């Protein structure tokens, strides 16, 4: 249930920024939890393995890497929620997506046209991280938003 100020449209700027930060952080956590659990750990999707094979890994190494990456994504998703005041975690998501995307485009260009292309997914995740980081900052007039 939304606080009364949001429903009436008169929430303070600090409250609005806190809400933007919360939405961005929870959405990022969901993305990493989902992508770590579902296509990597639970179902071991062929496309996930193909991306790793395209990067030069053997089938066995790709399978091991997929497990490690899946666990890392789940841990990161939990950290986003558990370490709520750690702003740097939001930039880690943005940075990781911006670093990984060119590698995917060069190493696995067939995924560019895929229905759920890494281009738009990774760009969206990067933007969510930056938006969350910006919204979580503290300025003199926003004492209710933690900058730590």
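The values are calculated or read from the model by the stated rules, or taken from the named source; none is laboratory data. Computed from a predicted model, the values in this text were never measured in an experiment. Every residue, glycine as well, gets a Cβ built from its backbone with ideal geometry; the counts of neighbours run over all protein chains shown.
Taking the options 103, 95, 36, name whichever one is in a helix (DSSP H, G or I) and either surrounded by 15 or more Cβ atoms within 10 Å (Cβ to Cβ) or touching a strand residue (DSSP E or B) at 6+ places or on another chain (Cβ under 7 Å) (or both). If you could, list the steps in order and put the result at the bottom.
Values: 103 fails: either surrounded by 15 or more Cβ atoms within 10 Å (Cβ to Cβ) or touching a strand residue (DSSP E or B) at 6+ places or on another chain (Cβ under 7 Å) (or both); 95 fails: either surrounded by 15 or more Cβ atoms within 10 Å (Cβ to Cβ) or touching a strand residue (DSSP E or B) at 6+ places or on another chain (Cβ under 7 Å) (or both).
Going through 103, 95, 36 in turn, the sole match is 36.
Whether any residue in the range 24-38 is closer than 16 Å to residue 136 by Cβ and out of contact with any helix residue (DSSP H, G or I) (no Cβ under 6 Å at 6 or more places or on another chain) is what I want to check. It would help to see each step written out before you state the result.
First, pick out the residues of the range 24-38 that are closer than 16 Å to residue 136 by Cβ: 24-29.
Narrowing the set further to residues that are out of contact with any helix residue (DSSP H, G or I) (no Cβ under 6 Å at 6 or more places or on another chain) leaves 26.
Yes: one or more hits.
If you take the residues of the range 10-33 that are surrounded by 15 or more Cβ atoms within 10 Å (Cβ to Cβ) and free of Cβ contacts under 8 Å to residues at least 12 places away in the same chain, which of them is farthest from residue 66 (Cα to Cα)?
The selected residue is 11.
Can you tell me which residue within the range 41-92, out of those that are over 30 Å from residue 19 (Cβ atoms) and within 15 Å of the chain's Cα centre (by Cα), is surrounded by the fewest Cβ atoms within 10 Å (Cβ to Cβ)? Give the steps one after another, and end with the answer.
Filtering the range 41-92 down to residues over 30 Å from residue 19 (Cβ atoms) leaves 41-71.
Narrowing the set further to residues that are within 15 Å of the chain's Cα centre (by Cα) leaves 69-71.
Numbers: 69: 17, 70: 20, 71: 14.
Only one residue tops the list, namely 71.
Pairs needed: first member in the range 54-66, farther than 18 Å from residue 103 by Cβ; second member anywhere, surrounded by fewer than 16 Cβ atoms within 10 Å (Cβ to Cβ) and at pLDDT 95 or above; C-beta distance under 8 Å; at least 6 residues apart or different chains.
Within 8 Å, the pairs are 63/44.
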